[in-house]
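> What follows is a structure written as C-alpha cells; I'll ask about it next.
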Amino acid sequence: MTVLYDGDCGVCGETVRQLHRWDHERRFEFLPFQSASSSGRSAIERLVASRGLGDGLHVVDEGTGRVVSGGHAALAILDALPGGWLLRPWAMLPTTGLAADIAYRVASRHRDRLAWLVGLRDEVSCP
C-alpha cells in the first residue's frame, strides 16, 4: 500500500515518521504527493493526473487499484498496522467512514493546534 501525503506539511511528515516506526511488517510505502507525478509508477501517476491530491491523505493499493482518501485512508492505515484487526468490526459499521472523514477534515484544518496538543515540536507545524 502506498500512502500519499503532503510532503510540505511538518505535521504530516511527523505522522509518517511515527507510522513508519509502527509498520513492523513494512506494509506501507510513503510518498509525498508533490513527487508522485514523477514516481515512474503508472498507477500513481494516473491518480495524480486524474484528481488533485492536495486535499489530504490518500492510500493506494496498486495491486487492486483501490484508492481511499481522508478518513477512509486513515481507517485503511489503522487496519494494516499491528493490532488493527481489533478495529475491523467497528470500521464495518455504516457510519464509521463518515465519522472518520469528518474527524479527518477537522483535524486537518487544525493541524497546528493538534500538533501543540500532542506535544510536537514547533518546527513540525504546518502553514
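The values are calculated or read from the model by the stated rules, or taken from the named source; none is laboratory data. Here the structure is a predicted model, which is why all the values come from computation and not from measurement. Every residue, glycine as well, gets a Cβ built from its backbone with ideal geometry; the counts of neighbours run over all protein chains shown. Areas reflect the complete protein model, heavy atoms only, side chains present, ligands, DNA and RNA absent. Shrake-Rupley method; radii C 1.70, N 1.55, O 1.52, S 1.80 Å.
> Counting only protein heavy atoms, what percent of the accessible surface of the stretch 1-96 is carbon or sulfur at a 1.4 Å probe?
About 57 percent, which is the carbon plus sulfur part of the accessible surface.
> If contacts are Cα pairs under 8 angstrom and at least 6 residues apart, what is the relative contact order of the stretch 1-82 in percent?
34 percent
> Report Rg (one decimal) and Dmax (nearest whole number) for the chain, counting Cα atoms only, units Å.
Over the chain's Cα set, Rg and Dmax evaluate to 14.5, 39 Å.
> Can you order the peptides 69-76, 11-18 by their average number of other Cβ atoms within 10 Å per residue, highest first?
Put in order of decreasing packing, that is 69-76, 11-18.
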